[in-house]
Amino acid sequence: MNAMTATFDIDPLTPDETPAVRHLAASLRRWFSPTDLRAIDALLRKTLSGWVAHDHAGNADIVGFLLTAPAPDPCVREVAWMGVDEAWQGRGVGTELLDRATAAAASDGLRELEVSTVAASAGYAPYAATRAFYYARGFVDRRVDRDYYWPGGDRLVLRRLISGQPS
């Protein structure tokens, strides 16, 4: 399958899909640590807020997910976790998931989306593409939290304006 034939559907996350989301997250070992997987599991148990991408041409496997959560700022929605099957990366799945989260946040009257990722200063190569993905979609640096993930593992917090003025 190439980028021209990659077809997928985006749907709201349902309770029946949480095992598949957990399985996909666990397969993305370069991005999600065991601690991350526990946090994803806890969020899935607490609330079902997000979307999944299904392989439309195949057997409807979940090939991507995006989970949201409220942010401390009531005008902001957090993109808590997002993952796309490595075979599907670069085919528009992440962009479409993010577009759905943006539309939902706008519909709810929110002004910004926020996402956290590993900062460049951490020197962990797999996240260079993650940061580039968010920058290409209008996210800008908000702050860096030093030693957040591990000693030297800085967290980069980014935000993207949906409407109005930044908060």
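Length gained on full extension, residue 140 to residue 26, computed as 0.36 nm times the residue gap minus the Cα-Cα distance: 38.2 nm. How high is the relative contact order of the range 120-167, in percent, with contacts defined as C-alpha pairs under 8 Å that are six or more residues apart? Relative CO of the range 120-167 lands at 33 percent. As a calculated quantity, the FRET efficiency between residue 16 and residue 36 at R0 = 22 Å, using C-beta atoms, amounts to about 0.45.
Between amide H atoms placed 1.01 Å from N, distances below 5 Å from residue 13 occur with 50, 51, 52, all of them 5 or more places distant or on a separate chain. For the chain, the fraction of alpha-carbon pairs lying more than 20 Å apart is 51 percent, rounded to a whole number. Describe numerically, in nm with one decimal, the distance between label points set 7 Å from Cα along Cα→Cβ at residue 86 and at residue 45. With each label placed 7 Å out from Cα toward Cβ, I get 2.9 nm.
Projected onto the charge dipole of the range 38-166 (+1 at Lys/Arg Cβ, -1 at Asp/Glu Cβ, origin at the Cα centre), which of 157, 82, 47 gives the Cα projection farthest towards the positive end? Value: 157. Sequence-distant contacts, meaning Cα pairs under 8 Å at least 6 residues apart, place the relative contact order of the chain at 18 percent.
None of the figures in this text is laboratory data; all of them are computed from the coordinates on show. What you are looking at is a predicted structure, and each value in this text was computed from that prediction instead of being measured. Every residue, glycine as well, gets a Cβ built from its backbone with ideal geometry; the counts of neighbours run over all protein chains shown.
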